[in-house]
Amino acid sequence: MFSLTTRAWSPYAAGVVIGLLQIPAFYFLGTALGTSSSYVTISANIASFFDPSIAAIKYAANHMGGAKNWWQVALIGGIVLGAFISSRLSGTARWGASPFWAQAMGAHTPAQRYLMAFTGGFIMVFGARIADGCTSGHGVSGIAQLAIGSFVAVTAMFGAGIITANLIYKRV
Amino acid sequence: MSVFAAMLLGLAMGAVFGMALEKGRVCEAGVIVCQMQMSRHTMLKMFLTAVATGLIVLAVMVGFGLAKLSPKPTLFAADIIGGAILGIGIVVAGACPGTVLAQIGTGYKDAIFTFVGGLFGALAFTYAEPGLLKPILTAGSYGRLTLDQLLGVPFPPLALAFAALIIGFLVWLEKVSPWRGEIGPNADGVPTSDPVVTNAAAVAG
């Protein structure tokens, strides 16, 4: 069931593993699993080379240092590593962009897809920072703590996502 | 905990997280967008399983005094507006802020653009936050509101009951739409990786 050389685990097995990660997160750090605030930690630290005054912004300063912020940066680095190892062990290594895009969008150049990816990434994290959480922070962790704000944010996320996905793409 | 120790722990936890995202196939844009099109449900199954597991884990930890919850504050305007923008971004990118890193790990090149776009999105928010966004962000603020407080019941039994409800739903969902039929021959959430075959099948159908 948990063999690393299988191409796919059941989503239930994979979901249990992710849910169990709340144990070390709460026990050692007193925080829940999340990923999107690390984007602030990374970008604010890089930006401080060009604009040292960014550290005067309270929101930036709150994210630039400390164990919890750097824990999350390491966490997202670990995700890259884990997915790299997992995909190489099971023959699911990828390149370019997913063949899904040709089906959803029809003919397009790689440059168009890359521009779309950049734009989507920008919107996604900008929204996540407004909501103060993403699919993991609000979704997996917030609902597991029965937080009302997380129920609201996740409903808005899926609601807008469902409308957009049916409006802008061909149904796959 | 020192920053270094926290980062070592983060790296180890992230590696497990990344493997689970990759094995569960939610690192695929096809799996995420098809979920949003409501045509296949691999992402929802994994997401709700992680939630249910988290509920059980936290019910036990809180029950035995091993953890203190840290729910995010309820900010209705920010949660609705931010959540909706996040949902649109996920569909355009074909990734979530966490799963994009698993996409990078598997080798998808477009995911690097998604990630860099995300860094710029975070930076734009950081610069806009104090002036532009403060009024929106703080509208409809109710503090750290949770369902157990609202209903006036202790967290552990309510969390377990809610987990049971989710598990019941998942049992039903798996019955009407088994996961093995949803991931596609190439395990990327696409029914067939060859669009020509799909078109031919559509014509034949």
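Points worth noting:
- Residue selected from the range B:19-67 under the condition among the basic types (Lys, Arg) and either assigned to a helix (DSSP H, G or I) or more than 7 Å from chain A (Cβ to nearest Cβ) (or both), by the criterion farthest from A:Ile168 (Cα to Cα): B:Lys23
- Any hit, the range B:176-194, residues being at pLDDT 95 or above, over 19 Å from B:Met46 (Cβ atoms) and among the polar types (S, T, N, Q): no
- Flag if B:Gly94 is in contact (Cβ under 8 Å) with a residue 40 or more places away in the chain, crowded, with 24+ Cβ neighbours inside 10 Å and on the phi > 0 side of the Ramachandran plot: yes
- Within the range B:104-144, if we keep just the residues that are at pLDDT below 95 and outside any helix (DSSP H, G or I), the residue that is nearest to B:Leu69 (Cα to Cα) turns out to be B:Arg144.
- One residue alone among A:Thr119, A:Thr92, A:Thr135 is at the interface with chain B (Cβ under 7 Å from one of its Cβ atoms) and surrounded by fewer than 20 Cβ atoms within 10 Å (Cβ to Cβ), and that residue is A:Thr119.
- Within the range A:134-172, being outside any helix (DSSP H, G or I) and within 18 Å of the chain's Cα centre (by Cα) holds for one residue alone: A:Cys134.
- The condition of being within 19 Å of A:Ala32 (Cα to Cα) and touching a Phe, Trp or Tyr at 6+ places or on another chain (Cβ under 7 Å) holds for B:Leu9.
- Residue match in the range A:55-66 (condition: more than 30 Å from B:Gly189 (Cα to Cα), touching a Lys or Arg at 6+ places or on another chain (Cβ under 7 Å) and in a helix (DSSP H, G or I)): no
- Residue within the range A:45-64 that is crowded, with 21+ Cβ neighbours inside 10 Å and in contact (Cβ under 8 Å) with a residue 40 or more places away in the chain present: no
- Annotation: A:Ile46 fulfils all but one of (1) within 7 Å of chain B (Cβ to nearest Cβ); (2) assigned to a helix (DSSP H, G or I); (3) among the β-branched types (Val, Ile, Thr); the unmet one is (1).
- Against the list (1) surrounded by 12 or more Cβ atoms within 10 Å (Cβ to Cβ); (2) of a type outside the set (D, E, K, R); (3) under 27 Å from B:Pro71 (Cα atoms); (4) at pLDDT 95 or above, the condition B:Gly152 fails is (1).
- Hits in the range A:14-41 - residues which are polar (S, T, N, Q) and more than 7 Å from chain B (Cβ to nearest Cβ): A:Ser37, A:Ser38, A:Thr41
- Residue within the range A:98-106 that is more than 15 Å from the chain's Cα centre (by Cα), in a helix (DSSP H, G or I) and small (Gly, Ala, Ser) present: yes
- Odd one out for B:Glu182 among (1) at the interface with chain A (Cβ under 7 Å from one of its Cβ atoms); (2) within 27 Å of A:Pro11 (Cβ to Cβ); (3) touching a Lys or Arg at 6+ places or on another chain (Cβ under 6 Å): (1)
- Candidate set from the range B:99-149 (those that are among the polar types (S, T, N, Q) and more than 7 Å from every other protein chain (Cβ to nearest Cβ)); member that is surrounded by the fewest Cβ atoms within 10 Å (Cβ to Cβ): B:Thr138
The values are calculated or read from the model by the stated rules, or taken from the named source; none is laboratory data. What you see is a predicted model; the values in this text were computed from it and never measured. Counting neighbours? That spans all protein chains shown, and the Cβs are built from the backbone with ideal geometry, glycine included.
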